[in-house]
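Let me begin by presenting the structure, written as structure tokens, before commenting on it.
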Amino acid sequence: MSRRTALITGITGQDGSYLAEYLLELGYRVVGITRRTSSHTGGRIEHLGERIELIGADLLDQTSLLAIVDQVQPDEIYNLAAQSFVPASWQQPVLTSEVTALGVTRLLEAARIACPSARVYQASSSEMFGMATETPQNERTPFYPRSPYGVSKLYGHWIAVNYRESYGMFVTSGILFNHESPRRGREFVTRKISHRVARIAHGLDRELRLGNLDARRDWGYAPDYVRAMHAMLQRDHPRDYVIATGETHSVGEFCAHAFAHAGLDWREHVVVDPAFLRPADVELLVGDAADARRDLGWRPTVDFPELVHIMVDADLALVAEELSRGSRLGDPSPIPLLP
Ligand code: NAP
Ligand code: F7E
């Protein structure tokens, strides 16, 4: 069988970088879409070097997407690109809809016109459940998004269903619950905590300012979740799957574990700051991935305490390394770095 080709949007993001690694291990030719920026955004994929190919395009630009799909003729397309930070979706609701919602249609149109046989994965989100009407949430749970991000993801989800049903294309969505790693952007709560714990442990900071400590999430480990994306595209028939651990923990619990792992008491450092509260929050998410377990044989390999430890250990090492280089110490900005 000839080498299969995967096209990944969002390859410079957390999931894109792990998915690229995983597909390379499986023997794929991996082509990634990167958008034009004035500074380097490839920190998470630098180590992959020339093993992957990068081509410039943007989910906002139909012509570039069409040209790439036509040129690459991928067997599989993974649409991971998005404006993915929920708070930013209130600040930039129109941009969020353009990228996270309409961007899906642009990519599906490119596939429909230039390579209709390609199998397409759409990155749907547990944020579509929002103010969930039942617990735990599965593929049959009604959606009730609570942010412009959640609404945009719901549009992307339904347009994917519609391309599948209207054109008979192999389009599938993974409804993924939160998944984290040392490559998570520093603005997301888990990484914000693990990175600040590391800075406090090294004596660089004293305080961690957070918003809603009672919000509960089903947190898994990102490398586990990219395996599920690939598995969904190997099925005989396309359908959507929930991917989750089935456990839920509060932001406060994440803090308690993370600080304790570094020998610290979180109550001495965490300050609740209303600036980090959202206009509307999602209070409780927990997924039921029974269908994925049954059909895909998918299971998470990392549990909650282990996830927290992996992230804190990686950030302790990162800050120690920065200290030894004497660089960037005054800069806790969310620049992604490889663990
Ligand atoms: P991420 O780290 O924020 O990465 C987002 C990626 O999208 C980056 O590569 C970014 O490129 C790219 N991007 C943004 N705007 C773009 C545009 N206009 N054109 C082309 N590329 C653009 O997100 P992630 O955590 O890896 O998540 C991957 C996908 O899964 C996203 O769609 C997210 O919404 C969804 N999701 C994530 C989770 C989770 O817990 N992580 C759960 C459910 C669903 P730059 O590097 O240039 O910014
Ligand atoms: O917030 C609370 C906050 O920003 C989690 C994205 O990948 O997962 C992610 O969305 C919870 C929320 O992730 C702070 O109010 C408290 O209840 O880490 P987060 P998210 O909003 O769940 C879903 C599945 C996606 O699809 C998204 O793309 O933590 N929280 N204090 C805080 N959150 C942040 N960011 N910062 C705080 O200071």
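The values are calculated or read from the model by the stated rules, or taken from the named source; none is laboratory data. Because the structure is a prediction, the values reported are computed rather than measured. Ideal geometry is used to build each Cβ from the backbone, glycine not excepted, and the neighbour counts take in all protein chains shown. What goes into the accessible areas is simple: the full protein's heavy atoms, side chains included, and nothing from ligands, DNA or RNA. Shrake-Rupley method; radii C 1.70, N 1.55, O 1.52, S 1.80 Å.
Look through E127, E134, E207 and report the one residue that is among the acidic types (D, E) and either outside the structural domain of A101 (by TED's automatic domain parsing) or under 30 Å from G263 (Cα atoms) (or both). Talk me through it step by step, then tell me what you get.
On the way: E127 fails: either outside the structural domain of A101 (by TED's automatic domain parsing) or under 30 Å from G263 (Cα atoms) (or both); E134 fails: either outside the structural domain of A101 (by TED's automatic domain parsing) or under 30 Å from G263 (Cα atoms) (or both).
Among E127, E134, E207, only E207 is among the acidic types (D, E) and either outside the structural domain of A101 (by TED's automatic domain parsing) or under 30 Å from G263 (Cα atoms) (or both).
Quick one: is R293 open to solvent by 40 Å² or more (accessible area, probe 1.4 Å) and either in a loop (DSSP other than H, G, I, E, B) or within 20 Å of P136 (Cβ to Cβ) (or both)? So R293 fits the description; yes.
Within region 190-215, the set of residues being surrounded by fewer than 18 Cβ atoms within 10 Å (Cβ to Cβ) and not in a loop (DSSP other than H, G, I, E, B) comprises just one member, R209.
Cβ-Cβ distances below 9 Å connect the following pairs, each with a first residue in region 151-177 that is in a helix (DSSP H, G or I), a second residue that is among the basic types (K, R) and surrounded by fewer than 23 Cβ atoms within 10 Å (Cβ to Cβ), and a separation of six or more residues or different chains: Y163/R112; R164/R239; Y167/R112.
From the list H269, H261, which residue is touching a His at 6+ places or on another chain (Cβ under 7 Å) and either loosely packed, with under 15 Cβ neighbours inside 10 Å or touching a residue at least 12 places away in the same chain (Cβ under 8 Å) (or both)? Full working, then the answer.
Numbers: H269 fails: touching a His at 6+ places or on another chain (Cβ under 7 Å).
Sole residue among the options that is touching a His at 6+ places or on another chain (Cβ under 7 Å) and either loosely packed, with under 15 Cβ neighbours inside 10 Å or touching a residue at least 12 places away in the same chain (Cβ under 8 Å) (or both): H261.
Return yes when V302 is of a type in the set (V, I, T), part of a loop (DSSP other than H, G, I, E, B) and touching a strand residue (DSSP E or B) at 6+ places or on another chain (Cβ under 8 Å) and no when it is not. Considered against the rule, which asks whether it is of a type in the set (V, I, T), part of a loop (DSSP other than H, G, I, E, B) and touching a strand residue (DSSP E or B) at 6+ places or on another chain (Cβ under 8 Å), V302 comes out as yes.
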